[in-house]
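Below is one structure, written out as structure tokens; comments come after it.
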């Protein structure tokens, strides 16, 4: 039975790499192996699993956070932030690239939608950086990497999903991801600053005169561009961290706040709301239909003793080497799978199998979830299926090639792995803040 589970997982991997739709692949593989194995009657338990997911109040935060992110993207706040921060930081060498990282962090903390962030920054920032003489690889790599910061900087959809799957409070995950998220921001900015220090031609200075603004205009623009998103971030994250609201309630506050900001920015209309709700529905349905397929696959994988197969292998590694070797294998597997699958698929297929086994080995659930979140962020940048690369290539000027983008993201993938290593070897980076705030 164990070896049938291995064949089932191998079949799934081959079909996914062949380009078959994820949900149908998960369901079809489960049905086929149920038919040749224990019988399809086992899947009678599937409706109960799906109903359990639908009753999970925490998952209501997913469509609410998606709605908030899409509304902010359509409200024009991202454009104002990019233009203003570019002028503010442009006076230092490499400043435009540093400003993109800063905006990526702010948008990540207020939207969390990678596709919208990368497309917006790609449309606005890449042409601007190229016009002022920035290197193509640096410009595209910075935009692609900064756009993924919303996956680790709370509020993040992936943290909501991880919390639901492994039964860790989402508020704890948000708090635990705060410092690792801004560690990546620091690493990105430090890399850009050091790079242009030794190669000044890659990131020239942009003066205020070249940008066409004066000091008074800059102060006004900074106030107008920064205060609204910061207020929304404070309302959402502040209410969670202070214990005033649950993540689901805070997501509702964020959704209402995003609509209010769109109104203040004079972008609110029935047409915009219809488009936002349409996008939210599509994204939410995608998440939950994959969840249904993953539930069927997980049910059959466990029935075929796949969990025992994985547990026995990791136990063998632990006895013959060390617990660190087990962690290295699991993190390496998640990183490699990220080349082929996106974070939602990994979250629903691999995490439910690996997480309980890792907890049995004594790993802290909160710390392990943060490691997963940092690791999963690399899946957006690793070819051939890195979604940030596709988003960016679709909106960059004709002179920018896929080779420029791939060359540009390599240093940032390495920086993400360095950030992951720091989180591995210094667990308090992920656990200290929840312990201080919640006494855990």
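The values are calculated or read from the model by the stated rules, or taken from the named source; none is laboratory data. Keep in mind it's a predicted model, so treat the numbers as computed, not measured. Here Cβ is always computed from backbone atoms with ideal geometry, including for glycine, and neighbour counts include all displayed protein chains.
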Somewhere in the range 179-194, is a residue over 23 Å from the mean Cα position of the chain (by Cα), free of Cβ contacts under 8 Å to residues at least 40 places away in the same chain and more than 23 Å from residue 283 (Cα to Cα)?
-> yes
Look through the range 1-41, keep the residues that are surrounded by fewer than 16 Cβ atoms within 10 Å (Cβ to Cβ) and not in a helix (DSSP H, G or I), and return whichever of them is modelled with the lowest pLDDT.
-> 1
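Given the options 346, 357, name the one that is more than 16 Å from the chain's Cα centre (by Cα) and in contact (Cβ under 8 Å) with a residue 12 or more places away in the chain.
357
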Here is a list of conditions, (1) assigned to a helix (DSSP H, G or I); (2) modelled with pLDDT under 75; (3) crowded, with 24+ Cβ neighbours inside 10 Å, and residue 50 meets all of them except one; can you say which number that is?
-> (3)
Inspect the range 367-384 for any residue being without any contact (Cβ under 8 Å) to a residue 12 or more places away in the chain and within 23 Å of residue 156 (Cβ to Cβ) and give the result as yes or no.
-> no
Reported set for the range 187-223 where residues are part of a loop (DSSP other than H, G, I, E, B) and modelled with pLDDT under 75 is 206, 207, 212, 213, 214
Starting from the range 321-336, take each residue that is free of Cβ contacts under 8 Å to residues at least 40 places away in the same chain and list its partners that are surrounded by 14 or more Cβ atoms within 10 Å (Cβ to Cβ) and part of a helix (DSSP H, G or I), counting only C-beta distances under 6 angstrom and pairs at least six apart or across chains.
-> 325/317; 326/314; 326/317; 326/318; 330/354
Long-range neighbours under 6 Å by Cβ, at least six apart or interchain, first residue under 11 Å from residue 350 (Cβ atoms) within the range 290-304, second at pLDDT 75 or above and surrounded by fewer than 22 Cβ atoms within 10 Å (Cβ to Cβ) = 298/352
When the range 294-310 is checked residue by residue, the ones that are over 27 Å from the mean Cα position of the chain (by Cα) and crowded, with 21+ Cβ neighbours inside 10 Å are 300, 303, 304, 306
For residues that are more than 13 Å from residue 142 (Cα to Cα) and touching a residue at least 60 places away in the same chain (Cβ under 8 Å), tally how many sit in the range 402-417.
-> 1
